[in-house]
Amino acid sequence: MADDTRIMLPQGLDRLIEVLEGRGYAVVAPTVRTGAVSLAEVHGADDLPWGVGDEQEAGRYRLTERDDGKVFAQAAAAPGMKATLFPPDELIWRGRRSGSQFEVTDTGVDHVRPTAFLGVRGCDLRALAQHDRVLAGRAFPDARYVRRREGAFIAAVTCTDPGGTCFCTSMGGGPHPESDYDLALTELSDPHRFVVEVGTDLGAEVLAEVDTVPATADDEAAVTTAVAEATMRMGRTMDTDGLRDLLYAAAESPVWDDVGNRCLTCMNCTMVCPTCFCTTVQDVSVLGSADAERRRVWDSCFSEEFAHIHGGSLRTEVRSRYRQWLTHKLAAWQDQFDALGCVGCGRCITWCPVGIDLTAEVAKIRASAGIPVAGGMR
Amino acid sequence: MTTTLDRPGHSVRDHMTPSRYRISRTRQDTRDTFTVVLEPVDGPMLHYKAGQFTMLDAFGVGEVPISISGDPTRPGPLEHTIRDVGAVTHALIAAPRGAVLGVRGPYGTSWDVADGEGGDVVVVAGGIGLAPLRPALMEIVAHRERYGRVVLLYGARTPEDILFGDELRSWARDRGVVVEVTVDNGQHAWRGKVGLVTNLVPRAGFDPHATLALVCGPEVMMRSAAQALVARGVPGDRVRLSLERSMKCGVGLCGHCQIRELFACVDGPVLGYDRLAPLLSIREL
């Protein structure tokens, strides 16, 4: 930890939000919405989930009360940053018809309000790095994502209370934010305080407007302990060794038939997944108006229409669609983007209505390939 | 711990908004297939290579990927040959002369026909699959002396569905292209071949060890044609297929066109059979 590491008391969060709003940011942070902690816009520390915990298991999510009054002591929020930086529904362009001509009147690229994220986790940051690679780092970058991303401020937090579906440590991550942040907070008890690490000059500038004191060696040791304890509390594991070749070789595995019989193709997993990036377009024209617009909306490889060409869908069976999703995420992604497409946030397991667990499915494929099982629930 | 926040670069060009092109004419090729001829409204004519496609937009209706079917060797209007099979394709072919369409692209890989110079070229087309191959054939006949034997094997449903009939005759008569046409259903006055186009591969005249093969048609036909070509001794990497997949963006972002690790829009549509064979052999991949 560096010399510029500071201690901020809980009341500092309100000031931090005020400073960020004062700089023109919409502040997006964990907040309780419809019975779950979601990332959404907040206007003060009162909007944060003080004393709220969560229980996450396959197909199960419950809020709990905590007696320690901690504010960031939950596992991954649903939804994460994706819904802000890569919105589920956005304008691509709008045009106006006149006779058989048309002109483009708006491309939406300029309507971007900068966002400051407060309370995002290491898994979210690693998912963000994947979206940077997929959406901003290729021959044809997504102009709308790039515009939102380059304006974003990130105050991450150490994930001190991972959930039952978490396995970020299996996917190369961990509870402590490692990169891509302006500030990183670790929430500690006795006394309740935040150790704040500075990632960028902008982060230092923002923090200078909030009351803090220098962190001591004891504070820094307490962060190390909190991280080590959280690392031991991952609810699940996945063995990623040779995963690409394993899944490519397992294209005709009976495991796909079995999971295909359970999957409802509801698409929850792809909606909550922080790296899933598939979209479709919708053309909307208003009756009686000369205007029409094209919108881009999240899509899912679990829909039958997803791979539709003239003559029919190329993936009519559920097994084929689950295979596409899992093989893309864990195998093809490595060829495409030189990384795993899964960060181990566990959202797809938690929000699956029938509790399908990709760590268990991978373990079954490994077992059916004659390799000893490692991974799944602890 | 101090790290740098690597924010992506500024002012990236938007690839999702189309340029406007005006229809200078629309030619009916067969009962359900039309060639739409376009001139740019907003700027210069796009440059393309044989085998590439564009995203064609009918305002307020939608956007679809369509292969360019015109002559890449000569400056001229932009041509797309379109089969009337859905709402967007119908709007594109039904738009009147002078109407404005949206065009994004060109996108995707090319046939890279010049790789076949100094040897024979076999072109195998099924149905509307002849349209993406037309620019490749035009490139070959423009430099006919650079190639050995040039064979076009073309299968259509019926004699009435044969595309570019005048051109086929002129390539055969004046440009030394061996053109063999077969139909699935040859009643009426058809005196030519009847049957699968892939059945023409075993007896076609070419040197398998010095051949570039270009294949486009329904996927089942491409698989059989590629297998027949490889069985004759053409190496898999000298057999090229142009794939059809669902595409919503054309630039690798929407995810629809993926075939395992390949994005058909940017890694394809033209891909070597050596790479595709293991993927196309798995059902519903």
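The values are calculated or read from the model by the stated rules, or taken from the named source; none is laboratory data. Keep in mind that this is a model prediction, so the values were computed, not measured. A quick note on method: Cβ atoms are made from the backbone with ideal geometry, for glycine too, and the neighbour counts reach across all protein chains shown. Ligands, DNA and RNA are excluded from the accessible area calculation, which covers all protein heavy atoms including side chains. Shrake-Rupley method; radii C 1.70, N 1.55, O 1.52, S 1.80 Å.
Specify whether the C-alpha gyration tensor of the range A:128-279 places it in the rounded, prolate or oblate class, a ≥ b ≥ c being the square roots of the eigenvalues: rounded for a/c under 1.5, otherwise prolate if a/b is larger than b/c and oblate if not.
Judged from the Cα gyration tensor, the range A:128-279 comes out oblate (a/c at least 1.5, b/c at or above a/b).
How far apart, in nm, are two points set 7 Å out from the Cα along the Cα-to-Cβ line at B:R27 and at A:W50?
With each label point 7 Å from Cα toward Cβ, the separation is 7.6 nm.
Which of A:A36, A:V354, A:G288 sits closest to the plus end of the dipole of chain A, meaning its Cα is farthest towards the positive end, when Lys and Arg get +1 and Asp and Glu get -1 on the C-beta?
A:G288
Please compute, for peptide B:59-67, the average count of beta-carbon atoms on other protein chains lying within 10 Å of each residue's beta-carbon.
4
Can you give the extra length, in nm with one decimal, that the chain gains between A:D110 and A:D218 once fully stretched, where that is 0.36 nm per residue apart less the Cα-Cα distance?
So the chain would gain 34.2 nm between A:D110 and A:D218.
Please give, to one decimal in nm, the separation of the simple spin-label points placed at A:H192 and A:A208, each 7 Å out from Cα toward the Cβ.
3.0 nm
Give, in nm to one decimal, the length gained when the segment between A:H310 and A:E90 is fully stretched (0.36 nm per residue of separation minus the Cα-Cα distance).
76.5 nm
So if we plug the beta-carbon distance of B:A114 and B:A94 into 1/(1 + (r/R0)^6) with R0 = 30 Å, what FRET efficiency do we get, rounded to 0.05?
In this case the efficiency is close to 0.20.
Would you mind giving the mean number of other chain beta-carbons within 10 Å of the Cβ of each residue in B:260-269, as a whole number?
Mean partner-chain Cβ count within 10 Å for B:260-269: 3.
Once the Cβ-Cβ distance between A:D241 and A:L264 is put in as r, and R0 is 25 Å, what FRET efficiency do you end up with, to the nearest 0.05?
About 0.20, to the nearest 0.05.
Relative to the longest principal Cα axis of chain B, at what angle does helix B:130-142 sit, 0 to 90 degrees, rounded to 10?
The angle comes out at about 70 degrees.
Grab the Cα-Cα distance for B:R144 and B:I282, subtract it from 0.36 nm times how many residues apart they are, and report the gain in nm with one decimal.
Length gained, B:R144 through B:I282: 45.8 nm.
Please identify every one of the trypsin sites (Lys or Arg not before Pro) in the range B:109-161 that sits in a loop by DSSP and has no more than 15 other beta carbons within 10 Å of its own beta carbon.
Within the range B:109-161, the qualifying trypsin sites (Lys or Arg not before Pro) (loop, at most 15 other Cβ atoms within 10 Å) are B:R157.
Can you list the HN-Hα couplings for the range B:223-230, worked out from phi with the Karplus curve (6.51, -1.76, 1.60; θ = phi - 60°), rounded to whole Hz and with x for Gly and Pro?
Result, ordered by residue: 4, 5, 5, 5, 4, 5, 5, 5 Hz.
Shape call for chain A from the C-alpha gyration tensor, a ≥ b ≥ c root eigenvalues: rounded (a/c under 1.5), prolate (a/b greater than b/c) or oblate?
Cα axes put chain A in the oblate bin.
First compute the accessible area of the protein assembly as shown with a 1.4 Å probe, then give the percent of it belonging to carbon and sulfur atoms.
50 percent
Shape of chain B from its Cα gyration tensor (a ≥ b ≥ c, root eigenvalues): rounded if a/c is under 1.5, otherwise prolate when a/b > b/c, or oblate?
oblate
I'd like the distance between the alpha-carbon centres of the range B:115-190 and the range A:117-176, rounded to an integer number of Å.
Using only Cα atoms to place each centre, the spacing works out to 52 Å.
With 22 Å as the limit, write out which pairs from A:K82/A:K329; A:K70/A:K329; B:K49/B:K193; A:K82/B:K248 have Cα-Cα distances beyond it, or answer none.
Beyond 22 Å: A:K70/A:K329; B:K49/B:K193.
Note the buried accessible area between A and B here, summed over both chains, with a 1.4 Å probe, in Å² to the nearest 100.
5400 Å²
Quantify how strongly other chains surround peptide B:97-104 by giving the mean number of their Cβ atoms within 10 Å of each of its Cβ atoms.
Going residue by residue through B:97-104 and averaging, the value is 3.
List the residues whose amide H sits under 5 Å from the amide H of B:V122, counting only those 5 or more places along or on another chain, with H placed 1.01 Å from N in the peptide plane.
Here the answer is B:V151, B:L212, B:A213, B:L214, since their amide H atoms fall under 5 Å of that of B:V122.
What residues have an amide H closer than 5 Å to that of A:F102, excluding those fewer than 5 places away on the same chain, when H is modeled at 1.01 Å from N in the peptide plane?
Distant-sequence amide H within range of A:F102: B:V100.
Given R₀ = 35 Å, FRET efficiency for A:T225-A:R60 by Cβ-Cβ distance, to 0.05?
So the FRET efficiency works out to roughly 0.75.
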